[in-house]
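Here is the structure we will look at.
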Amino acid sequence: MDKVAVYPGSFDPITYGHIDIVERALEIFDKVIVAVAHNAEKRPLFSTEERRKIIKALFKDNRNVIVDSFKGLLVDYVAKTNAKVIIRGLRATSDFEYEFHMASMNRSLNTHLDTLFMMTNKDYFFVSSRTIKEVAKLGGGVEGLVPDLVSRRLKEKFKLPIPKKSQIGWDD
Ligand code: ADP
């Protein structure tokens with residue numbers, strides 16, 4: 001039977017930090033379900049559907065990554081899949097307290113589920129969706145921290161000019 005894990009999050013938007021966790025989780029699990037949380041309270045920049053579509057496009061060639069979204073309690077969502085493990089990434093000790101409480105709460109809600117924490121890749125420990133949005137909004141470059149597709153979508157959202165690759169090096 002396939003070993004399946006659920007990687008839940010807001011992914012508003014997905015970054016290379018998240019992608020790195022997915023890729024490393026695939027070394028342990030046969031399949032990873034990236035589950036976009038529909039969290040109205042967080043007032044996301046991208047709608048649940050936009051976030052899901054971006055992630056789907058990024059993993060279109062990887063059959064072992066399933067992209068989905070969910071509303072309500074994470075444990076209820078996971079119980080409907082064939083996963084027994086929730087994956088979360090840890091960037092710094094500041095992530096730990098919240099994650100520890102959430103994992104403990106989820107475990108008390110459903111004792112069949114476990115949370116597996118993965119340390120961030122050292123190259124991405126400072127990358128969060130929030131800072132990416134702040135920098136992108138002010139026109140700062142986020143290339144190398146998020147895929148090109150995400151950086152384009154951010155520019156569209158913030159109504160910033162999108163450089164046409166085909167023009168670079170053409171006239172000058
Ligand atoms: P949430 O709102 O559920 O925290 P996020 O999209 O911010 O959703 O993050 C989803 C998960 O990915 C969390 O476990 C978070 O700690 C982890 N994560 C976020 N950014 C990184 C990163 N740069 N490196 C590793 N893990 C990360």
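Derivation of every value follows stated rules applied to the coordinates shown; laboratory data play no part. Given the structure is predicted, the values throughout are model-derived calculations rather than measurements. Cβ placement follows ideal geometry from the backbone for every residue including glycine, while neighbour counts extend to all protein chains displayed.
Compared with the dominant Cα axis of the chain, that is its longest principal axis, helix 148-157 is turned about 80°.
For segment 74-84, backbone phi angles converted through the Karplus equation (6.51, -1.76, 1.60; θ = phi - 60°) give residue-by-residue couplings of 4, 4, 5, 5, 4, 4, 7, 9, 9, 8, 10 Hz, Gly and Pro being listed as x. Could you give the distance between the Cα centres of segment 101-118 and segment 51-94, to the whole Å? Result: 15 Å between the Cα centres. Straight-distance candidates among the lysines for linking to Lys3, with alpha-carbon spacing under 26 Å and chain neighbours fewer than 8 residues away dropped: Lys31, Lys53, Lys56, Lys60, Lys71, Lys80, Lys84. In terms of its Cα atoms, segment 57-115 spans 35, 28, 18 Å along the principal axes, sorted from long to short. Taking a sphere under 13 Å around the Cβ of Val142 and counting the other residues whose Cβ falls inside, with K and R at +1 and D and E at -1, yields a net charge of +4. Compactness of segment 1-104, taken as the C-alpha radius of gyration over 2.2 N^0.38 Å, stands at 1.03. Report, in degrees rounded to the nearest 10, the 0 to 90 angle that the Cα long axis of helix 16-25 makes with the longest principal axis of the chain. Its long axis makes an angle of about 40 degrees. Applying the Karplus relation 6.51 cos²θ - 1.76 cosθ + 1.60 with θ = phi - 60° to segment 42-56 yields 3J(HN,Hα) values of 7, 6, x, 6, 9, 5, 4, 5, 5, 5, 5, 5, 4, 5, 4 Hz, where x marks Gly and Pro. How far is helix 93-109 tilted, in degrees, relative to the longest principal axis of the Cα atoms in the chain, given as a value from 0 to 90 rounded to the nearest 10? It works out to around 40 degrees.
Based on DSSP H runs of at least 4 residues, each adding -39500 (n - 2.57), what is the mean residue ellipticity at 222 nm of the chain after dividing by all its residues, to the nearest 500 deg cm²/dmol?
When only DSSP H runs of four or more count, the value is -11000 deg cm²/dmol.
Amide H contacts of Val146: Tyr16, each under 5 Å away and 5 or more positions distant or on a separate chain (H built 1.01 Å from N in the peptide plane; Pro and chain starts excluded). Tell me, what is the percent relative contact order of segment 26-172, built from C-alpha pairs under 8 Å that lie six or more residues apart? About 17 percent, as a whole number. A simple count of charges around Asp123, restricted to other residues whose Cβ falls under 12 Å of its Cβ and scoring Lys, Arg +1 and Asp, Glu -1, yields +1. The local environment of Asp30, defined by Cβ-Cβ distances under 13 Å, has a net charge of +2 under the rule Lys, Arg +1 and Asp, Glu -1.
Taking amide H positions as modeled 1.01 Å from N, with prolines and chain starts lacking one, the residues under 5 Å from Lys84 and 5 or more places away or on another chain are Val4.
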